[in-house]
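Visitor: Dropping a structure here in structure tokens format, bear with me for questions.
What follows draws every value from the coordinates through simple rules; no lab data is involved. Not measured: the values here are computed from a predicted model. Glycine gets a Cβ as well: all are built from the backbone with ideal geometry, and neighbour counts include every protein chain shown.
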Amino acid sequence: MAALAPFLVLCAFVLGFHHVQATAETLSSLDSSFCHGGLEVIYPGLDVKQNLIVQEDLRKKVTTVWKAPQIYFPVADKSKKYILVMVDPDAPMWTNPTSAYWRHWLVVDIQGATLRNGNMQGTTLTDYRSPSPPQKSGFHRYQFMLFVQPPGTPVSLTEQEMSSRGKWDLQGFVDRFELKKPVACIQFRTQNYKD
């Protein structure tokens, strides 16, 4: 056993230690902590219940084939209204997100009962745009956040917000309508299907 120890030390120096470094393709603890509350995003062939990286064989479908997903929140309060936000905080590329937040979808006045059965009904302020990271831009996070809409509060976008989806001031929107923290969040990562 004593003769084995020097051999292992020598191997470590010769071969070097194997170190896994976090990259855009791995999920960090920060990514995992973002997801909470039990929100579920359901595409025809992809059920997002937790933070995940979209498999290579599904990337083209999530970009070009599948329409807006079903949104399921089983603990929604039937007496409340909700706001759903879908953004890309990594636009145009995760190493230089100069267009963050890119607004992919915004629905307000969502009845809690419709979230409980996965048949979300509300008023769409920004039509759904599928995840479509530019080529060679790496992995992008697509984040879904569900907020409780304060009673009697009409929610809208400003003219400036309607003129562009990019560089959306999400925090400004949250503050303007006093939305507090999201009750549930989920995200997935994907990259351009041609990469």
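Visitor: Under a straight-distance cross-link criterion of Cα-Cα below 13 Å, which aspartates and glutamates are reachable from Lys49, leaving out those fewer than 8 residues away in the same chain?
Guide: Of all the aspartates and glutamates, those that pass the test against Lys49 - Cα under 13 Å, at least 8 places apart if same chain - are Glu40.
Visitor: Below 10 angstrom from the Cβ of Leu125, what's the summed charge of the other residues (Lys, Arg +1; Asp, Glu -1)?
Guide: -2
Visitor: Sticking with this one: Can you give me the distance in nm between label points at Ser79 and Asp109, each placed 7 Å from the Cα along the Cα-to-Cβ direction?
Guide: It is 2.2 nm.
Visitor: Something else: Listed here are the pairs Lys61/Lys81; Lys61/Lys180; Lys60/Lys81; Lys167/Lys194; Lys136/Lys180; Lys81/Lys167; which of them are more than 28 Å apart at the Cα?
Guide: As for pairs spanning more than 28 Å Cα to Cα, those are Lys61/Lys81; Lys61/Lys180; Lys60/Lys81; Lys136/Lys180.
Visitor: How far apart, in nm, are the 7 Å Cα→Cβ label points at Asp169 and Ser33?
Guide: 2.7 nm
Visitor: Only counting other Cβ atoms within 10 Å, I'd like Val148, Val41, Val85 sorted with the fewest neighbours first.
Guide: Fewest-to-most Cβ neighbours within 10 Å comes out as Val148, Val41, Val85.
Visitor: Looking at region 126-185, which GluC sites (Glu not before Pro) are in a loop (DSSP not H, G, I, E or B) and have at most 16 other Cβ atoms within 10 Å?
Guide: Glu178
Visitor: Shifting gears a bit: On a C-alpha basis, how far is the centre of region 120-135 from the centre of region 165-183 in Å? Whole number, if you could?
Guide: Value for the Cα centre distance between the two parts: 16 Å.
Visitor: Under a crude label model (7 Å from the Cα following the beta-carbon direction), how far is Gln55 from Arg116 in nanometres?
Guide: So the label points at Gln55 and Arg116 sit 3.4 nm apart.
Visitor: Can I ask one more? Could you work out the local net charge near Leu157, counting Lys and Arg as +1, Asp and Glu as -1, over the other residues with Cβ closer than 14 Å to its Cβ?
Guide: Taking every Cβ under 14 Å from that of Leu157, the sum is -1.
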